[in-house]
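The structure appears right after this line, and notes come after that.
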Amino acid sequence: MRNVRVLIVDDSPTVRQVFEKGLSRAAGIEVMGVAPDPFVARDMIVKDPPDVITLDIEMPRMDGLTFLRKLMKHFPLPVVVVSTLTKEGSAKAIEALECGAVEVVEKNMGEDRVHDLMLEIVRKVRAAAGAKVRRRAIGAQRLASR
């Protein structure tokens, strides 16, 4: 069985580094790329689609929920939203799920929480990889033109 290929989308270099390190250590998961914003992510997705995306909400140039809506409309992929705004039951967590995220994780980067956070993200990335998200053959072309 091949590895689950993950694209990490987060504006924080520290978060990207922590997530990349944590996910790369997990058996059966390969980080295929990291992106600092949705525009870079879009270009990477069109060129080489990942199996799963981890996505922050608060980012410059375009927020994660706007990107998620566009992604689901033009090039649906399993997305795990990881944000400080997505506490369980919060309005943003519910909105992320309504926009098409298959999983939502509250990003708590406290020193004593990073290990548990990474375990949760690994678990949810694996679950997301099994999600059935309808893909369209022309989706890459449409996403690239946005």
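Scanning the range 51-83 for residues that are more than 14 Å from the chain's Cα centre (by Cα) and either within 24 Å of GLU20 (Cβ to Cβ) or among the β-branched types (Val, Ile, Thr) (or both) yields PRO60, ARG61, MET62.
Within the range 5-14, is there a residue that is of a type in the set (Asp, Glu), surrounded by 18 or more Cβ atoms within 10 Å (Cβ to Cβ) and at pLDDT 95 or above? Yes, there is a match, as at least one residue in the range 5-14 is of a type in the set (Asp, Glu), surrounded by 18 or more Cβ atoms within 10 Å (Cβ to Cβ) and at pLDDT 95 or above. Would you be able to say whether some residue in the range 35-47 is touching a helix residue (DSSP H, G or I) at 6+ places or on another chain (Cβ under 6 Å), more than 21 Å from ALA127 (Cβ to Cβ) and among the β-branched types (Val, Ile, Thr)? Checking the range 35-47: at least one residue is touching a helix residue (DSSP H, G or I) at 6+ places or on another chain (Cβ under 6 Å), more than 21 Å from ALA127 (Cβ to Cβ) and among the β-branched types (Val, Ile, Thr).
What helices (runs of 4 or more DSSP H), lying completely within the range 22-117, carry at least 1 residues that are surrounded by fewer than 20 Cβ atoms within 10 Å (Cβ to Cβ) and touching a His at 6+ places or on another chain (Cβ under 8 Å)?
Helices (runs of 4 or more DSSP H) meeting the threshold: none at all.
The numbered conditions (1) surrounded by 19 or more Cβ atoms within 10 Å (Cβ to Cβ); (2) in contact with a strand residue (DSSP E or B) (Cβ under 6 Å, 6 or more places away or on another chain) are all true for GLU120 except (1). Looking only at the range 99-128, residues that are under 15 Å from the mean Cα position of the chain (by Cα) and of a type outside the set (Val, Ile, Thr) come to 14 in all.
Of all residues in the range 1-20, those satisfying the criterion of being farther than 16 Å from VAL82 by Cα and not in a loop (DSSP other than H, G, I, E, B) are VAL4, ARG5. Assess whether VAL104 counts as being touching a helix residue (DSSP H, G or I) at 6+ places or on another chain (Cβ under 8 Å) and closer than 17 Å to ILE53 by Cβ. Yes, satisfied.
The values are calculated or read from the model by the stated rules, or taken from the named source; none is laboratory data. Here the structure is a predicted model, which means the values were calculated and not measured. Because the Cβ atoms are built from the backbone with ideal geometry, glycine has one as well, and the counts that use them run over all protein chains shown.
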